[in-house]
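Enquirer: Dropping the structure in here first, questions after.
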Amino acid sequence: MTAMTVLGAVLGAALVGCGSSGDSPGHAPAAAHAPAHSPSAASPSATASPAAGKPPVLAPGPGGLTPVLERGPSRTDKVVALTFDADMTADEGPRAAAGEHFDNPELIALLRRLKVPATVFMTGRWAEEYPGQARSIGTDPLFEIASHSYSHYAFTSPCYGLPAVEEDAMRGEVERAFDAIRKAGARHVVPYFRFPGGCYDKAALRAIAPEKVTAVQWDVVSGDAFATDADAVAQQVLDGVKPGSLVVMHCTRSAAPVTGEAVRQVVPELRKRGYRFVRVSQLMAGRPGRT
């Protein structure tokens, strides 16, 4: 991507989730995780009561803007949602063909062994590159999949060197990702969306409002992007988690190599502290789960 700076490319890879590594930002260091130009997040108290069998969503924000969730509604119930971004930009196919791993099936297998439910924010390009994995994740009741855009380009600039999406193309980016995820065979798909790089502004919230999704951010940054010290990543999560927390992590072999080891430390320790792990839909609905 000629438009990206070297730093942007590095952060881009780091900001990727369950499968990404390179030119696409997804989650930077803690200070950089705050959404760019973000308006006030929608209040969790606006959570709509879920219809039978339907995942809950937040009520629209002021002026009909897409609502934003950064933490669950409960401040007392010890629940926490681990989320993982499966990032891959629209033009990273050649790198995948050359052997770069934008996925991390071992991490998904670990979550299954530990019986930890999770929400995966997946780009459409990732789903197309790894349809078998997308289908496996999206048919396992332990997990749910949400949109992370199709191309993992920025919805506002600057955003870690990512190319920008034109405003009139933003809604299509959200929808195209859902289409690719469902085409892969995923069934547990929820109406949530995470902005690439966590970057958004009011124009972006307005542009995607017709999709009627809830934008899901986070209040705990794991710091696993390009980290080499699993202990430090685990400690950062453990220090940040509060009742109702949303944790952003990655499952990318090339961009987040120590995430699995960090998860091995985080899960038993949080359970020891009395926390239960839930998917984002459960967090929003106030259903504590049993894990």
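Enquirer: Would you list which lysines come within 21 Å of Lys212, measuring only between C-alpha atoms, while excluding same-chain residues fewer than 8 positions from it?
Expert: Answer for Lys212, where 21 Å is the Cα cut-off: Lys54, Lys183, Lys202, listed by chain and number.
Enquirer: For an R0 of 30 angstrom, estimate the FRET efficiency from the Cβ-Cβ distance between Lys183 and Ala98 and round to the nearest 0.05.
Expert: Calculated value: 0.75.
Enquirer: Measure off 7 Å from each Cα along the Cα-to-Cβ vector at Ser74 and Lys242, then give the distance between these two points in nanometres to one decimal.
Expert: Result: 1.6 nm between the two label points.
Enquirer: Averaged over all directions, how much area does the convex hull of the C-alpha atoms of segment 100-230 cover when projected, in nm²? Write down the numbers at each step before the final one.
Expert: On the way: hull surface 34.1 nm².
That works out to 8.5 nm².
Enquirer: Let me ask something else about it. In whole Hz and in residue order, list the ³J(HN,Hα) couplings for segment 169-175 that follow from phi through the Karplus curve 6.51 cos²θ - 1.76 cosθ + 1.60, θ = phi - 60°; x for Gly and Pro.
Expert: After applying 6.51 cos²θ - 1.76 cosθ + 1.60, I find 9, 5, 4, x, 4, 5, 5 Hz.
Enquirer: Sort Trp218, Trp126 so the one with the fewest other Cβ atoms within 10 Å of its own Cβ comes first.
Expert: Numbers: Trp218 22, Trp126 36.
Least crowded to most crowded, the residues run Trp218, Trp126.
Since every read-out is calculated from the coordinates, none of them should be taken as a lab result. Given the structure is predicted, the values throughout are model-derived calculations rather than measurements. Cβ coordinates were reconstructed from backbone atoms using ideal geometry, including for glycine residues, and neighbour counts include every protein chain displayed.
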